[in-house]
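A.B. asks: Have a look at this one.
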Amino acid sequence: MLRLKTAIYLTSALLIAPQAWGLQGESIYIKGTLGGVYTIASETVSDINFSLSGVGGVSHLYVGGSLNKSFKVFGYTGLALTPKPTLKVENLSIGTVHNAQTIFDLGIGAALYTRGGQYVSLGASIAQNYYSFNVYGVDVGTYTRHGWGSQLMLGQEFPISGRLSLGVSGLVYYGQVADVGPAPFDGIPISNFYAGLVVGVTYD
């Protein structure tokens, strides 16, 4: 009886092993996105609000695996770049020449897909900003302290082959970092927000 059970277990293992090995090759999930967003970075110092805002571009790369046809997990990196943001102090525009405002991301997340290709994706990340601008002819560039970021995507993908899909998504991001400027700016929280549309290519 023991030998019969052992033979059954071994036979089952031999039959299942090739299928499990094949599934490992099918679990790769890679997604790249590119799009346009409206960004706002703001902080309040001594009850005075400072903000940088404008239209920019965003790109992300997601790399992970598919636990099944519906559920994906991944790590990702992203960059949101606003080339000519507007500086406002208490909603009054300041005529300073600005070159760039950037938000960097490095995080993890998950996505849930339906049979029709619709999906929702959530991510949490370590984030950092970089500002580069010109004040009275003097170039200024500075990084913030590291902080956190979060993102939500809702979208639709359309298959173009067995593994590749094209998609379009709505993207919303919110996070906080900390200023490194001289007092009273040092350590003040900076809120980051952007929202827009992205297109993407997915290998799954």
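A.B. asks: Among Ser161, Ser121, which comes first, then next, by fewest other beta-carbon atoms within 10 Å?
C.D. replies: Ser161, Ser121
A.B. asks: For the range 150-162, take each phi angle, set θ = phi - 60°, evaluate the Karplus expression 6.51 cos²θ - 1.76 cosθ + 1.60, and give the result in whole Hz per residue in order, putting x for glycine and proline.
C.D. replies: In residue order, the calculated couplings are 9, 9, 10, 10, 10, x, 9, 10, 10, x, 10, 7, x Hz.
A.B. asks: If the reach is capped at under 12 angstrom between alpha carbons, list the aspartates and glutamates near Lys31, excluding any in the same chain fewer than eight residues apart.
C.D. replies: By straight Cα distance, Lys31 reaches Glu157, Asp204.
A.B. asks: At what distance in nm do the modelled label points of Ile30 and Val55 sit from each other, each positioned 7 Å from its Cα along Cα→Cβ?
C.D. replies: 3.2
A.B. asks: Highest mean first, what order results for 164-172, 149-157 on Cβ atoms within 10 Å? Numbers along the way, then the final one.
C.D. replies: Working: 164-172: 16.8, 149-157: 19.0.
Listed from highest to lowest mean packing, they are 149-157, 164-172.
A.B. asks: Cross-link partners among aspartates and glutamates for Lys88, C-alpha distance below 15 Å, same-chain residues fewer than 8 apart left out?
C.D. replies: Lys88 reaches Glu43, Asp47.
A.B. asks: Can you list the aspartates and glutamates whose alpha carbon is less than 16 Å from that of Lys84, not counting same-chain residues fewer than 8 positions off?
C.D. replies: Candidates past the 8-residue exclusion: Asp139.
A.B. asks: Stretch Arg163-Leu81 to full length: gain in nm at 0.36 nm per residue minus the Cα-Cα span?
C.D. replies: Result for the pair: 26.5 nm of gain on full extension.
A.B. asks: May I pose another question? Each residue of the range 102-113 in turn: what ³J(HN,Hα) in whole Hz from Karplus with 6.51, -1.76, 1.60 and θ = phi - 60°, glycine and Pro shown as x?
C.D. replies: Result, ordered by residue: 10, 10, 9, 9, 8, x, 10, x, 8, 9, 10, 10 Hz.
A.B. asks: Let me ask another. Give, as ranges by residue number, the residues of the range 146-171 whose backbone N falls under 13 Å from the point 7 Å along Cα→Cβ of Thr114.
C.D. replies: Only 154-157 fall inside the zone, counting backbone N under 13 Å.
A.B. asks: Order of Ser42, Ser125 from fewest to most other C-beta atoms within 10 Å?
C.D. replies: Working: Ser42 15, Ser125 23.
Ordered from fewest to most neighbouring Cβ atoms within 10 Å, Ser42, Ser125 come out as Ser42, Ser125.
No lab work stands behind these numbers, since they all come straight from the coordinates. Since the structure is predicted, the reported quantities are computational estimates derived from the model, not experimental observations. Cβ atoms come from the backbone with ideal geometry, glycine included; neighbour counts cover every protein chain shown.
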